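Only one structure is covered here, and it is reproduced in the block below.
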Amino acid sequence: MAGAIIENMSTRKLCIVGGILLVFQVIAFLVGGLIAPSPTTAVPYTSVKCIDVRKNHHKTKWLMPWGPNHCKKLKDFDEAVSRQIEANDIVFAVHVPLPSKEMSPWFQFMLFIMQLDIAFKMDNDLKENAEITLDVSLAYRDNMFDDWEEIAHAIEIRKLKCTFGSPKTVESEGRHYDCDFLPFMEIGSVAHKYYLINIRLPVNDRKGINVGIGEIKDIRLVGIHQNGGFTKVWFAMKTFLTPSILIIMVWYWRRITLMTRAPVLLEKVIFALGISMTFINIPVEWFSIGFDWTWMLLFGDIRQGIFYAMLLSFWIIFCGEHMMDQNERNRLSGYWKQVGPIAVGSFCLFIFDMCERGVQLKNPFYSIWTTEVGTELAMAFIIVAGICLCLYFLFLCFMVFQVFRNISGKQSSLPAMSKARRLHYEGLIFRFKFLMLITLACAAMTVIFFIVSQVTEGHWKWGPITIQVNSAFFTGIYGMWNLYVFALMFLYAPSHKNYGDDQSNGDLGVNSGEELQLTTTITHVDGPTEVYKLARKEAQE
């Protein structure tokens, strides 16, 4: 009788919870697909070739490509040769944004990549493994009549990787090389309305600077920034989800503290996972609208890294705590072999991020991939992190296999067990299979939507309705993992319902003070947890 009551209650609650979560999941995808615009926008910029005449009478070192105080321009390099203007006196100027537009803090970040238009000439060929030296400066202002204020200045070296599809003959002169895009700049905030980029290509024959780089015709930049409309939708989701997860966390921990026993390891890990999810959700990005916080990209990476590390650790501990005959449970030290690779891999990725975005806090033009040493160092960190990830999944697959093997063995012996012990094992089996199904579904949806967002054009059009696939991916997956954590804390919170003395004493064979959780795990209010006592007793028998 008690088993039927518990089963009906569990089924009813799971159906209600599952239905509610499914509705919110659909809403999360629709918010991104129907309300939010595309996450990012790419804007092409073509630099203007300016003549640097500071040696004579120019009052400022910043050269504007257009506007009332624009620089003296060159049409092309043939004009520079005819006017005997040296390469060191030429500045490539780019104004961000384009004329009659303004940048906004809602854009959150700016990422620029560079493309060089290099023409082939017999007497100025592009050497193999050539490197180009850039003298770059970045400035800002918030009014078209204010003076430019410098943000950063650096001398950077980029490797040129170009191919030429035609024979290098006189007939091929003037044709352009096919060159790879080069990383140029990344800045973690857009706190000002206008930005100015000045690029110089200093030439020094004696030192071999910018020698053998071919005939550069133009420098083009592609600026990528987050769309303001998507930012507002993203902030709104974070603002809504933060109190939701926080409330369920407080409720979950209160249910645990009401027990007279100490919290078990699995309960602590679920609570830690909720904390890491809340850490991601807290919408500190609202402050970036009013403050020039260039470290927000790095901070966001750290928050995501903490959550993913906690999520991977939870999966390992969840499997380990469901090995019903394992004696060494409820101790974090028992999982050091499985959790160790997570810690090492996370640390490697953290160091890599600090070497890239950490340095960019001072020098936005820096890229770890532009030097051989930096590339080897970055690849070393990524490879070590990849090896740790592979080891982790091997451990995880082995533990899942062990749990399912344990389940198969226990299911055959369930009829011979006492009522209380049978209900205990049925609860363990039920909740493990249920969560494994949800976990696989979440992981599959993440992978599927990521692939779809990469191979599609960014949006689907069904008649008058346009669905932004990339935006739906971001909001849907973000909402999905929030719902996953919410469901964990709701379903795994200790139950304090008592089903009566007759049911407890007659059908279950346990004391009237014992309680039944949603997953039929038995917990005693006056002593240590019965989950582990019963499991160990059965293993010893």
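The values are calculated or read from the model by the stated rules, or taken from the named source; none is laboratory data. Predicted, not measured: the structure shown is a model, and the values here were computed from it. Here Cβ is always computed from backbone atoms with ideal geometry, including for glycine, and neighbour counts include all displayed protein chains. Heads up: the accessible areas ignore ligands, DNA and RNA and are worked out on the full protein's heavy atoms, side chains in. Shrake-Rupley method; radii C 1.70, N 1.55, O 1.52, S 1.80 Å.
General observations
- Taking every residue in the range 479-495 that is farther than 15 Å from Phe29 by Cα and pairing it with any residue that is among the basic types (Lys, Arg), at least 6 positions away or on another chain, the pairs with Cβ-Cβ distances below 6 Å are Ala493/Arg255; Pro494/Arg255.
- With respect to the stated conditions, Ala444 fails to be closer than 30 Å to Glu131 by Cβ, open to solvent by 30 Å² or more (accessible area, probe 1.4 Å) and among the small types (Gly, Ala, Ser).
- The condition of being at pLDDT 90 or above and part of a helix (DSSP H, G or I) does not hold for Val403.
- Test for Leu221: is it within 27 Å of Trp106 (Cβ to Cβ), open to solvent by 10 Å² or more (accessible area, probe 1.4 Å) and either out of contact with any Phe, Trp or Tyr (no Cβ under 9 Å at 6 or more places or on another chain) or at pLDDT 95 or above (or both): no
- If you go through the range 335-390 and keep only what is of a type in the set (Phe, Trp, Tyr) and in contact with a helix residue (DSSP H, G or I) (Cβ under 7 Å, 6 or more places away or on another chain), you end up with Tyr335, Phe350, Phe352, Tyr366, Trp369, Phe381.
- Every pair of residues 6+ apart whose Cβ atoms lie under 7 Å, when the first sits in the range 365-393 and is more than 24 Å from Phe314 (Cα to Cα) and part of a helix (DSSP H, G or I) while the second is small (Gly, Ala, Ser) and open to solvent by less than 30 Å² (accessible area, probe 1.4 Å): Ile368/Gly374; Ile368/Ala378; Trp369/Ala378
- Residues in the range 362-394 that are surrounded by fewer than 16 Cβ atoms within 10 Å (Cβ to Cβ) and small (Gly, Ala, Ser): 2 in all.
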